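Student: Just dropping this structure here.
Read-outs: derived from the displayed coordinates by stated rules, not from any lab. Not measured: the values here are computed from a predicted model. Ideal geometry is used to build each Cβ from the backbone, glycine not excepted, and the neighbour counts take in all protein chains shown.
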Amino acid sequence: MKLTPTDAETALAALYDAKKADFAGAPLAAAREDAFTRFAEAGLPHRRIEAYKYTDLRARLTDLPPAAAEAGEENVAGILAGYPPLVEGAARIVIANGRYVPGLSAAPANVTVTSILDPAADLSAVGILVAGNDDPLTLANLGLFEGGVVITVAGEAGAPIEIVHVATADALVMGRVAMSVSADGRASVIERTLGSAAVVENGLTELTLKEGAHVDWIRLVDGKSDKAVELNSFHTEVPESAVLNHLTLTTGLGLARSQIFGHVVGHDAEANFRAATVAVGKRHADNTLVIRHDAVGSRSTEIFKSAIGEGGTAIIQGRIFVEKDAQKTDSKMMSNALFLDDTGEVVNKPELEIFADDVICGHGATSGDIDEDPVFYLRARGIPEATARRLLTEAFIIEALDLVADEALNDALAERIRTALAAVVA
Amino acid sequence: MPAVQETIDRVAAIDVDKYKYGFVTDIESEKAPKGLSEEVIAFISAKKDEPKWMLDWRLDAYRRWQTMDEPTWAAVHYPKIDFNDLYYYAAPKMKDAPKSLDEVDPELLRTYEKLGIPLKEQEILAGVRKQGEPSDLDDAEANPYGGNVAVDAVFDSVSVVTTFKKELAKAGVIFCSISEAIREHPDLIQKYLGTVVPQSDNFYATLNSAVFTDGSFVYVPPGVRCPMELSTYFRINEMNTGQFERTLIIADKGSYVSYLEGCTAPQRDENQLHAAVVELIALDDAEIKYSTVQNWYPGDSEGKGGIYNFVTKRGDCRGARSKISWTQVETGSAITWKYPSCILRGDDSRGEFYSIAISNGYQQIDSGTKMIHLGKNTSSRIISKGIAAGKSMNAYRGLVQAHRKATGARNFTQCDSLLIGDQCAAVTIPYVESKNGKAQFEHEATTSKISDDQLFYCRARGIGEEEAVALIVNGFVRDVIQQLPMEFAVEAQKLIGVSLEGSVG
């Protein structure tokens, strides 16, 4: 049954109609048309759509802001100036209001960056991973993205890459990132959003790895106000002997939904996903992950750590899917949620869907408040109760940073977690 | 070793074809006109000699059902059911009660024999001996209750007979068919029917509310420990019929009852529908133990035929310190869609769910439980073991939920899946929702094949391969078997043997 379009859906349809003329004849025009038609057919996802049962976007996205206009470079530079890169020496790739800003971006050695709208851009790897995907947020971005970047890494990237999304107004922003890494290539990426406090963002990333590639990807989600909406879909494929370590660190305010669609397609491939979430101050933090194993002898691990308090909500949906021929798959998922007070809500939905018989797959999920035994242990050693609780809570979340090898970066991320917790944990 | 070709061949060669209850009893029966309408519902109600309020209740459900859509969210696939192509009422034509075993319709006798109902109960079921009359087979004086199981036998749409009613009545326990309860105990029915599974709870429960034909009713008065196991045996016999039974069990304050249900059906190429509703109510300090050995016809090796088992089972721990425990062994049905649940309303109440679901051939199972924690210090435990073989699909779907006021709630869930062969699938879909920081939930699940190490260990000790697999599988499901009453544990052990027989070369 088709529902009556909401104001937001009508606005998105109007936006698409208005944009249509701009990209007519462009290489991705047909894909845009197909994606938006499919999105419009189903509309914004709501609670009766299983994957969105706990994050009803139809109900929550009532008044969409207008689409963002192109940002002035000076304005963007001003915003960037206040936030140095998280890792010293990182090369910044700047996407402002959904559009690539070459003047403020730099590419390290072995990395090329092109605007996705540049007629000269190599689009051979763009759109492959999302083909056939019917996720509504993915489709909305594919139809409506304002711009973005195509990043190619050939060999080892000369420096860490920091992809910075900047919003200069409280607007609707849809940028797109497509990155491909050559065989045995290496890259370390941090992705973050800066700028306007009430931005409604629906980002999309496609990460294509070749055999033996190794990528570490960290995404910071830190909404600046309770009006912030941060939606993101990360699509990736991990082939033979390739390794992907992905971390989503969610703090801040507002509504966030971070989606990962991972496809592990090669022997000895390894995909590790971590999510550290501090959902306080009515934060709604949704981490949704679908991992599909499609090759003999591949591995994945998923660890979700969430702290909830002050009316915050943490949603963790993780689905491991093992195809019929993916024998010897080893996949383990764990989700632990810790209540900081009595006001939050947590939903764990760790799914397994197994079609091969010679696999080791497991998942675990826990929720509750802090264990009193270690609190007592620390108090018995002279540590005040409040400090003991704070230390244990911090340590609980920081566990999700286990794959962040760079010490300085690990410290910086841990500090963000401590700061986010400080408001609730005395 | 189950993944070796020999194993796969064996599993494909045996499984569902081994169904031993697939015979048909040639017995004359009376049916309602085919299809579903207000007239058919009125026909059923009239057949049952029901009061008007009951008919109104049914018609209300029917009208609501007409506005509902068949659910499609479960991980099962089947062709659309034509609800107008079914008989909603079929009952064997009753003759005068026979006086001796010689006079009993041999077909009926043979049916009971084949279904394995114990002999002394068979005698009562066959109508040779009235309840309370001494029997050569039953040394009632020496052992007034021990070893007895009171049986309510439901054949298609009617309860054929209920045994040991008088003995139970002495203890104040009411055990009868629900049709009889509607006539004899309307106050209890009106007070409790539909209070756990509301009239329009879901598509199939609503259909059941409109057309339910029979089922069992149990009321255990305050402080009474039911002196014997109660049991209902469901048998579908007629073609093109659906079975829609309704069971209502009320354990009043401080009482205890253990109830068992078994079910079988003939082997037919058509699919038959079974849509039951079971409601359990436990008041303060009461305990209900509900065990099921589900062995409906699963369809043949090509996936043809079999029962569609769409069941709504829910228990309400309404009183403080009450307890409801569901134990199920699922081996039958082409499609199973059932989630025996507990609403933990009373403070300190407890819910348990123990399940073994074995799927073979083309069987599809989407089953699990819901534990809804509403009261303080409520606790629940879920142990679910799924074994998938052949081309079957075995899904666990469960919900554990703590409401804002469920301080001190505890849940432990363990669901394991075992795959035999590479044509089957195991799915685990748990929903763990907590709105209370003082609620502690733990969930763990694993999926694996039988470990080579375990097999090697057994074989190195001189245990044959097939025996070793049986040993490992039985160890795997032991947690569940232990919860079954003794008589059924033996039966369940046998069922597991049947389902996995020959699965290893």
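Student: Among the aspartates and glutamates, which fall within straight-line cross-link reach of A:LYS210, defined as a Cα-Cα distance under 17 Å, with same-chain neighbours fewer than 8 residues apart omitted?
Tutor: Counting by Cα, and skipping residues close in sequence, A:LYS210 has these aspartates and glutamates nearby: A:ASP122, A:GLU156, A:ASP184, A:GLU237, A:GLU240, A:ASP268, A:GLU270, A:ASP294.
Student: While we're on this one: Just for region A:72-370, what percent of DSSP beta bridges are antiparallel, to the closest 5?
Tutor: Details: 7 of 138 bridges.
That works out to approximately 5 percent antiparallel.
Student: In addition: What size of dipole, in debye to the nearest 20, comes out for region B:350-458 about its Cα centre when the only charges are +1 on Lys and Arg C-beta atoms and -1 on Asp and Glu C-beta atoms? Walk me through the numbers before you get to the answer.
Tutor: Values: 13 positive and 9 negative charges, 164 e Å.
Roughly 780 debye for region B:350-458.
Student: Nearest 20 debye, what's the magnitude of the dipole of region A:94-194 about its Cα centre given +1 on Lys and Arg Cβ and -1 on Asp and Glu Cβ? Don't skip to the end; give the middle numbers.
Tutor: Details: 4 positive and 10 negative charges, 29 e Å.
Magnitude of the dipole: close to 140 debye.
Student: Along region B:188-200, what does the Karplus equation 6.51 cos²θ - 1.76 cosθ + 1.60 (θ = phi - 60°) give for ³J(HN,Hα), rounded to whole Hz, x for Gly and Pro?
Tutor: Here the 3J(HN,Hα) series is 5, 4, 5, 6, 10, 4, x, 8, 9, 10, x, 2, 10 Hz.
Student: For region A:191-219 and region B:63-80, compute the distance between their C-alpha centroids and round to whole Å.
Tutor: Cα centres, region A:191-219 to region B:63-80: 40 Å.
Student: Would you grab the residues whose amide H sits under 5 Å from the one on B:CYS415? Only those 5+ places off in sequence or on another chain, please, with H modelled 1.01 Å from N.
Tutor: B:SER384, B:GLU444, B:ALA445, B:THR446
Student: Sticking with this one: Filter B:LYS80/B:LYS191; A:LYS20/A:LYS324; B:LYS385/B:LYS435; A:LYS227/A:LYS332 down to the pairs with a C-alpha to C-alpha distance above 30 Å, please.
Tutor: On the way: B:LYS80/B:LYS191 36 Å; A:LYS20/A:LYS324 42 Å; B:LYS385/B:LYS435 28 Å; A:LYS227/A:LYS332 35 Å.
In this structure, B:LYS80/B:LYS191; A:LYS20/A:LYS324; A:LYS227/A:LYS332 exceed 30 Å between Cα atoms.
Student: Right, next: For region A:5-50, what mean projected area does the convex hull of the alpha carbons give, in nm²?
Tutor: On the way: hull surface 14.4 nm².
So the Cα hull casts an average projection of 3.6 nm².
Student: HN-Hα J couplings of region B:289-294 from phi, Karplus 6.51/-1.76/1.60, θ = phi - 60°, integer Hz, Gly and Pro as x?
Tutor: Those phi angles translate into 10, 10, 10, 10, 10, 9 Hz.
Student: Need one value for A:366-379: mean number of C-beta atoms belonging to other chains within 10 Å of its residues' C-beta atoms.
Tutor: Details: counts 7, 13, 12, 5, 1, 1, 0, 0, 0, 0, 0, 0, 0, 0.
Mean shielding count: 3.
Student: What relative contact order, as a whole-number percentage, does region A:99-249 give when Cα pairs under 8 Å and 6 or more residues apart are counted?
Tutor: On the way: 375 pairs, mean separation 32.8, N = 151.
Over region A:99-249, the number comes to 22 percent.
Student: While we're on this one: Can you give the % of DSSP beta bridges in region A:165-223 that are antiparallel, to the nearest 5? Intermediate values should be presented prior to the final figure.
Tutor: Details: 0 of 17 bridges.
Counting only bridges with both partners in region A:165-223, antiparallel ones make up about 0 percent.
Student: On to the next question. Looking at A:VAL130, A:VAL149, A:ALA109, which one has the Cα that reaches farthest to the positive end of the dipole of region A:76-170 (charges on Cβ: Lys, Arg +1; Asp, Glu -1)?
Tutor: A:ALA109
Student: I would also like to ask the following. Mind giving me the FRET efficiency for A:ARG381 and B:PHE456? R0 is 45 Å, r the Cβ-Cβ distance, nearest 0.05 is fine. Working shown, then result.
Tutor: Working: r = 47 Å, r/R0 = 1.04.
Once rounded, the FRET efficiency stands at 0.45.
Student: Take every Cα pair under 8 Å in region A:72-370 that's 6+ residues apart, average their separations, divide by the length, and report that relative contact order as a whole percent.
Tutor: Details: 957 pairs, mean separation 32.6, N = 299.
It rounds to 11 percent for region A:72-370.
Student: Taking 0.36 nm per intervening residue step and subtracting the Cα-Cα distance, what contour gain separates A:ASP134 from A:LYS282 on full extension? Intermediate results must be reported in sequence, preceding the final value.
Tutor: Values: separation 148, 0.36 × 148 = 53.28 nm, distance 2.95 nm.
Extending this stretch completely gives an extra 50.3 nm.
Student: Please give the calculated 222 nm ellipticity per residue for chain A, where each DSSP H segment of at least 4 residues contributes -39500 (n - 2.57) and the sum is spread over every residue; nearest 500 deg cm²/dmol? Don't skip to the end; give the middle numbers.
Tutor: Values: 8 runs with 92 residues, N = 426.
It comes out at -6500 deg cm²/dmol, rounded to the nearest 500.
Student: Each label point is 7 Å from the Cα along the Cα-to-Cβ direction; what then is the distance between the points at A:ALA154 and A:ALA106, in nm?
Tutor: 2.2
Student: Which FRET efficiency, nearest 0.05, do B:THR195 and A:ASP342 yield, Cβ-Cβ r, R0 25 Å? Mind dumping the intermediate values first?
Tutor: Details: r = 30 Å, r/R0 = 1.21.
Result of the calculation: an efficiency of 0.25.
Student: Rounded to the nearest 0.05, what FRET efficiency do B:THR67 and A:ALA422 have when you use their Cβ-Cβ distance and R0 = 60 Å?
Tutor: Numbers: r = 53 Å, r/R0 = 0.88.
Between B:THR67 and A:ALA422 the formula returns 0.70.
Student: Hey, another quick one. Taking amide H positions as placed in the peptide plane 1.01 Å from N, state which residues far from A:SER196 in sequence (5 or more) or on other chains have amide H under 5 Å from it.
Tutor: Excluding prolines and chain starts, which carry no amide H, the hits are A:ALA167, A:THR168, A:ALA169.
Student: Treating only the Cβ atoms of Lys and Arg (+1) and Asp and Glu (-1) as charged, compute the dipole magnitude of chain A about its Cα centre; round to the nearest 20 debye.
Tutor: Values: 37 positive and 61 negative charges, 138 e Å.
For chain A, the charge dipole is close to 660 debye.
Student: Sticking with this structure for a sec: From the phi angles alone, apply the Karplus equation (6.51, -1.76, 1.60; θ = phi - 60°) to region A:187-203 and give each ³J(HN,Hα) in whole Hz, x where the residue is Gly or Pro.
Tutor: 7, 10, 10, 10, 10, 8, 10, 10, x, 3, 7, 10, 6, 10, 10, 10, x
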